[in-house]
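Report on the structure given below.
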Amino acid sequence: MSMSCKGYQFTRRAMLGAGAATLLGMQVKDLLALSGTSHKPTAEHVIFFWCGGGMSHIDTWDPKPGRETQGDFEPIATSVPGMHISQIFPRLATQMHHCALIRSIAGTQGSHERATHQLQTSYLPSGNLNYPGIGSTVINQLPRMGDLPAYISISGMAPKAGFLGQKCEAYYVPSPGERDPYLAFPEGIMQERGDRRLEVFSKFNNRFATKNPDPRLNATEASIEDAVALMKSPALKAFEFDQVSEGDKERYGDNTFGRGCMLAKRLVETGVRFVQVNRGGYDTHSNNFEAMEAHGEVMDPGLASLIEDLAATGMLSKTLILMAGEFGRTPKINKDTGRDHWPNVFSVFMAGGGLAGGAVVGSSDADGAYPNERPVQVADVHATVCHALGIDPNKEVMTPLQRPIKLVDKGIPVHELFS
């Protein structure tokens, strides 16, 4: 329209303020809340970076320049106009147009154990029920792709599958880039000899199983069959780093985290549904800034290279990347130049998987102490992951005691991430 009709201009801010305004019979605020609900799922895989100890939100995704709580780091501009992140992520800043941030996670748990359980499962701990981690939930709901385990945990143990059972447990890779002794016969045992041993082993197991009705034997047999199939699969090349170029090692970082990022990329490309990459050391009660600078030096190249490479091959739209920890850290810097546990507000980093690149949902207050706009619950993050994958977070599954349990504890997808 060439002419400006000032009398009829109606900005988004004005629409939000018009609580009683309606459009086609619906309140405008409700229409805005529905933005993103029609999203068609594109994600098929998840890479979940777990930051054990609780990462400082102020020193990473939610900087507070000019405030007493700022600390040692300055905010830097990113590839998204108006979005700033900490200076410890200079390379990642160039990839933020593929990424999204939630800056208003309203946590409730200040202890490591309880917060870890909630962030990993969406539920608070219960004395009479073992809830599954999010990776187990995802592979329980989606069909397996390829020969490799559907759920792989790198550089640390993933949560147990709980009532979902053995088939939903994660396969553990302790040292990415190193030979896994469980994926080949021991040295000195040739292939033919090893195959004969497996045949004898299978005969003994079958004979025992016919005389013993214990249902746990089925889970054990399933694990053995999966292990044998994995040992013989050409897909195992994903674990081999002999052919990785020196250039890629340098780009990602030739360290445990960098190799974990490279392995995660290769695994989702091979069909693995859910990969969890674990890194600890974020419980920075002292020397927070020295520790976070060291974390940035390791994490920045690995994350940036992973996102850049997945985007270049078109895999990023099929792969949801999530980074979270137990909670944030205190806005107030303590006498040991550290930050303590702070569940009241923290941030979550996401990328790919059909998310709107450059999206920022919610905000914390001026000092990074409490949610300011659009508080997001922990369970909402789980519901968002499910939504990206086309899984109904409200679906109920039955426990072995025939108790119906929802996949996610009262979570609502953050639809703004998809609009």
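The values are calculated or read from the model by the stated rules, or taken from the named source; none is laboratory data. In this text, all values refer to a predicted model and were calculated from it rather than measured experimentally. Don't worry about glycine lacking a Cβ; one is built from the backbone with ideal geometry, like all the others, and counts go over all protein chains shown.
Points to keep in mind about this one:
- Scanning the stretch 150-163 for residues that are in contact (Cβ under 8 Å) with a residue 60 or more places away in the chain and surrounded by fewer than 22 Cβ atoms within 10 Å (Cβ to Cβ) yields Ser155, Gly156, Met157, Phe163.
- Among the conditions (1) modelled with pLDDT under 95; (2) closer than 18 Å to Met350 by Cα, the only one that Gly127 does not satisfy is (2).
- Taking every residue in the stretch 122-147 that is over 20 Å from Asp380 (Cβ atoms) and surrounded by 14 or more Cβ atoms within 10 Å (Cβ to Cβ) and pairing it with any residue that is modelled with pLDDT of 95 or more and among the charged types (D, E, K, R), at least 6 positions away or on another chain, the pairs with Cβ-Cβ distances below 8 Å are Asn130/Lys160; Ile139/Arg273; Leu142/Glu44; Leu142/Arg273; Arg144/Arg273; Met145/Glu44; Met145/Arg273.
- Candidates Ser136, Ser111, Ser79, Ser122, filtered to the one that is more than 20 Å from the chain's Cα centre (by Cα), under 30 Å from Pro404 (Cα atoms) and at pLDDT 95 or above: Ser111
- Within the stretch 323-381, the set of residues being touching a Lys or Arg at 6+ places or on another chain (Cβ under 7 Å) and among the β-branched types (Val, Ile, Thr) comprises Thr330, Ile333, Val360, Val361.
- Test: Arg259 is of a type in the set (D, E, K, R), in a helix (DSSP H, G or I) and in contact with a Gly (Cβ under 6 Å, 6 or more places away or on another chain): yes
- Filter result for Gly66 (assigned by TED's automatic domain parsing to the domain that holds Val360, in a loop (DSSP other than H, G, I, E, B), within 16 Å of the chain's Cα centre (by Cα) and not polar (S, T, N, Q)): no
- Of the strands (runs of 3 or more DSSP E) lying entirely inside the stretch 326-386, the ones with 1 or more residues being of a type outside the set (Val, Ile, Thr) and out of contact with any helix residue (DSSP H, G or I) (no Cβ under 8 Å at 6 or more places or on another chain) are found at 346-352, 371-373.
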